[in-house]
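J.: What follows is a structure written as structure tokens; I'll ask about it next.
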Amino acid sequence: MTTKEEYARGKKVKVGVTDLTKCYDELLVLDDINFEIYDGEMLCIVGPTGCGKTTFLNTLARFIPATRGDILVDGTPSDPRRHNIAFVFQEVSSIPWLSVEDNIRFGLRIKRLPADEIERRVETMLELVGLKPFRRNFPQELSSSMEQRVVIARNFALNPDLLLMDEPYGQLDIKLRYYLEDELIRIWNELKSTVLFVTHNIEEAVYLGQRILVLSNKPAKIKEEIIVDLPRPRKFDDPEFVKIREHVTESIRWW
Ligand SMILES: Nc1ncnc2c1ncn2[C@@H]1O[C@H](COP(=O)(O)OP(=O)(O)O)[C@@H](O)[C@H]1O
Ligand SMILES: [Mg+2]
């Protein structure tokens, strides 16, 4: 078992969250959350439905204000104008009137990147998600898993400081989910992005994460931090995998 100290050795902190608290009027949803995300890390957050996961990501992205607490990116307070935080929502969110390649270009144009840099990134991402043959198609002409790949490509293309993913595969059937999880790992390996992946699915968290933060029921607190030191590709029926999955299940016990 890798200890927290061993895990942190040589890693650079990308995002630091201290005392993060969120209330909607009287309703306390996030209760004093403290943690760090390391540069280039694949960090999973797992917690029961309704515990505050989406609220948590929305406050990290500054879509909604925190009631209390600090979020630092590279040591400075997180600021949408300065930092590049990308978000993959629970609902598939490609832009219906833009072709596959224009979906990927969209955010890059908003960022006013040089044209040749935009084209370079578009080509890289089309290649990485295998959508080159469909570059001129529109989202409604694609299957839901292909559309989800457009969304992933669009977000990774931004080369974000932090990519937040809110149960992106929750609505898909299991085969597609496995396929997209493998693709996510492949792209993340290639681009070394810092990813915070939120799910209520324990198996998915153990399959993807280098580290897992387990949230409690509402109000959400971090109950436990688990380092998943399994080699990749991971196997769902590997006894070590099963052991960690059972440990996380035990830690959550939301039923
Ligand atoms: N805008 C809002 N106003 C009031 N309450 C909200 C709002 N958004 C979410 N909540 C409540 O906060 C809790 C956590 O919701 P959410 O963050 O969506 O959880 P999760 O994503 O883990 O399912 C729920 O009880 C929900 O009803
Ligand atoms: Mg949610």
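The values are calculated or read from the model by the stated rules, or taken from the named source; none is laboratory data. Because the structure is predicted, anything quoted here is derived from the model rather than measured. Cβ placement follows ideal geometry from the backbone for every residue including glycine, while neighbour counts extend to all protein chains displayed. Calculation scope for accessible area: heavy atoms of the full protein, side chains included, ligands and nucleic acids excluded. Shrake-Rupley method; radii C 1.70, N 1.55, O 1.52, S 1.80 Å.
J.: With respect to the numbered conditions (1) in a strand (DSSP E or B); (2) closer than 25 Å to LEU191 by Cα, which one is the sole condition not fulfilled by GLU6?
T.: If we test GLU6 against (1) in a strand (DSSP E or B); (2) closer than 25 Å to LEU191 by Cα, just (1) comes out false.
J.: Then there's this: Say whether the condition of being under 19 Å from the mean Cα position of the chain (by Cα) and within 16 Å of ligand 2 (Cβ to nearest atom) is met by at least one residue in region 14-26.
T.: The answer is no; no qualifying residue exists.
J.: Looking for something in contact with a helix residue (DSSP H, G or I) (Cβ under 8 Å, 6 or more places away or on another chain), farther than 13 Å from ASP166 by Cα, open to solvent by 50 Å² or more (accessible area, probe 1.4 Å) and outside the structural domain of ARG135 (by TED's automatic domain parsing) - is there at least one such residue anywhere in region 64-72?
T.: Checked against the condition, which is being in contact with a helix residue (DSSP H, G or I) (Cβ under 8 Å, 6 or more places away or on another chain), farther than 13 Å from ASP166 by Cα, open to solvent by 50 Å² or more (accessible area, probe 1.4 Å) and outside the structural domain of ARG135 (by TED's automatic domain parsing), region 64-72 yields at least one hit.
J.: Next question. Go through region 95-127 and give me each residue that's of a type outside the set (Val, Ile, Thr) and open to solvent by less than 20 Å² (accessible area, probe 1.4 Å).
T.: SER99, GLU101, ASN103, GLY107, LEU108, MET125, LEU126
J.: For the subset of region 129-145 comprising residues that are assigned to a helix (DSSP H, G or I) and open to solvent by 20 Å² or more (accessible area, probe 1.4 Å), which member is nearest to ligand 1 (Cβ to nearest atom)?
T.: SER144
J.: Sticking with this structure for a sec: Does any residue in region 128-157 that is in the same structural domain as GLU181 (by TED's automatic domain parsing) and on the phi > 0 side of the Ramachandran plot come within less than 7 Å, Cβ to Cβ, of a residue that is in a helix (DSSP H, G or I) and open to solvent by 20 Å² or more (accessible area, probe 1.4 Å) six or more places away or on a different chain, and which pairs are these?
T.: Taking only residues 6 or more apart or on different chains, not a single pair turns up.
J.: For region 99-110, state whether one or more residues are out of contact with any Asp or Glu (no Cβ under 6 Å at 6 or more places or on another chain), outside any helix (DSSP H, G or I) and not hydroxyl-bearing (Ser, Thr, Tyr).
T.: No: zero hits.
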